[in-house]
Amino acid sequence: GDTRVVKFERHGNQVFLKHINLEYRALSDNPLERLAVEEAFAESILWGFPIEAEDNDRLLVNATGFLLSDAHGISRTLADLDQGNYSVDTSRSAIYLPRTRNFPLNSEFEALLTFTTSGAGGNLVRSVTPTPQSITVRLHHSFVQLPDDNYQPRRFHPQSGYFSRSFDDYATPINQDITQRYIARHRLQKRDPDAPRSPPVEPIIYYLDAGVPEPVRSALLDGARWWNDAFEAIGFENGFQVEILPEGADPMDIRYNVIQ
């Protein structure tokens, strides 16, 4: 599913989950110019959580309805593929606790969702589901804390080979392209920025799932570690590392970049 930048806003006895519209911005020091663009384009309220309790500046909300909703659009996908008209049956759905966990930088929630229909279901559904009138799947939500704002973005160049992120900046001078493009990349900084070669402040580390058997395990380690040659060539000593996921580490903890 898509990722979204969201924030929580209190309105009366509810907390709204708002999807912030980052497609249109004004990168300007003028607060009124920023406000003009912010108010010119719609935002999206994804859910309203009822407040169950309050303690000073802390709120307890009931997220059950949100977690048991069809947030991924599964029923719409089934309908588009002519597999039938399905909807969530909450009486046969529940929070899936084995994959609902909390970590320092992210909280993970998983739901066991059952989609039902009064029809027979399409051929694709019947080929993979024991009872095609009742499809039970798991849907996962990750709430991830945003990093600090010290990241320095790098502009995209079509010859760079990077994936790009783009948005429209309405504070752009009128004689320049309004669409701004930046590369998607890790935050990698030299410990000694003036040295031709330096270890990074924090290396990029990927962890291989310990369940991968040999000889695939060794092949994956060797293949992934070849990326370090590219980082060495641009002046980062041991800037890209690949290790086996340590015992006790959880792949859902976003502090670990995991190859599964």
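Identify which of the listed values of semi-axes √(5λ) of the Cα gyration tensor in Å was calculated from the structure shown: (1) 43, 23, 17; (2) 46, 23, 15; (3) 37, 30, 21. The calculated read-out lines up with (3).
Between the range 22-72 and the range 117-187, how many Å separate their Cα centres? Distance between centres, Cα-based: 18 Å.
Per residue, the chain reaches -4500 deg cm²/dmol at 222 nm when only DSSP H runs of four or more residues are counted, each adding -39500 (n - 2.57). Model label points for T129 and E43, set 7 angstrom from Cα along the Cα-to-Cβ axis, are 3.7 nm apart. Taking each residue as 0.36 nm, the span from E214 to V144 lengthens on full extension beyond its C-alpha to C-alpha distance by 21.9 nm.
Volume per residue of the convex hull around the Cα atoms, evaluated for the range 56-107, comes out as 137 Å³.
Please give the length that would be gained between L22 and A53 if that part of the chain were fully extended, namely 0.36 nm times their separation in residues minus their C-alpha to C-alpha distance (nm, one decimal).
Working: separation 31, 0.36 × 31 = 11.16 nm, distance 3.19 nm.
Working it through step by step, the gained length comes to 8.0 nm.
In this structure, the amide hydrogen of K190, modeled 1.01 Å from its nitrogen in the peptide plane, lies closer than 5 angstrom to those of V201, counting only residues at least 5 positions away or on a different chain. Residues whose amide H comes within less than 5 Å of that of F167, counting only those at least five positions distant or on another chain, are Q180 (H built at 1.01 Å from N in the peptide plane). Build a GNM of the chain with springs between Cα atoms under 10 Å: which of L67, L220, L113 gets the top mean-square fluctuation? Per the Cα network of the chain with a 10 Å cutoff, L220 tops the list.
How big, on average over all directions, is the shadow cast by the Cα convex hull of the range 115-233, in nm²?
Values: hull surface 62.0 nm².
The directionally averaged projection comes out at 15.5 nm².
In this label model, A233 and F163 are separated by 2.2 nm, measuring between points 7 Å along each Cα→Cβ vector.
With a cut-off of at most 12 other beta carbons within 10 Å, and DSSP calling the residue loop, which chymotrypsin sites (Phe, Trp or Tyr not before Pro) in the range 61-157 qualify? Please list them. Don't skip to the end; give the middle numbers.
Numbers: sites: F66, Y86, Y96, F109, F115, F143, Y151, F156; in loops: Y86, Y96, Y151, F156.
Those satisfying the criteria are Y151.
Here the chain has 51 percent of its accessible surface on carbon and sulfur atoms, given a 1.4 Å probe and all protein chains in place.
Mind listing which trypsin sites (Lys or Arg not before Pro) in the range 166-260 are in a DSSP loop and have 15 or fewer other Cβ atoms within 10 Å? Kindly include the intermediate steps, with their values, before the conclusion.
On the way: sites: R181, R185, R187, K190, R191, R197, R217, R225, R255; in loops: R185, R187, R191, R197, R255.
Those satisfying the criteria are R185, R187, R191, R197, R255.
Using the Karplus relation 6.51 cos²θ - 1.76 cosθ + 1.60 with θ = phi - 60°, the per-residue 3J(HN,Hα) values for the range 249-260 come to 7, 9, x, 7, 7, 6, 5, 10, 7, 10, 9, 9 Hz, with x marking Gly and Pro.
Rounded to the nearest whole Å², what accessible area per residue is found for the chain with the 1.4 Å probe?
With all protein chains present, the chain gives 68 Å² per residue.
The values are calculated or read from the model by the stated rules, or taken from the named source; none is laboratory data. Every value quoted in this text rests on a predicted model; they were computed, and no experiment measured them. A quick note on method: Cβ atoms are made from the backbone with ideal geometry, for glycine too, and the neighbour counts reach across all protein chains shown. We work out accessible area using only protein heavy atoms, side chains counted, and drop any ligands, DNA or RNA first. Shrake-Rupley method; radii C 1.70, N 1.55, O 1.52, S 1.80 Å.
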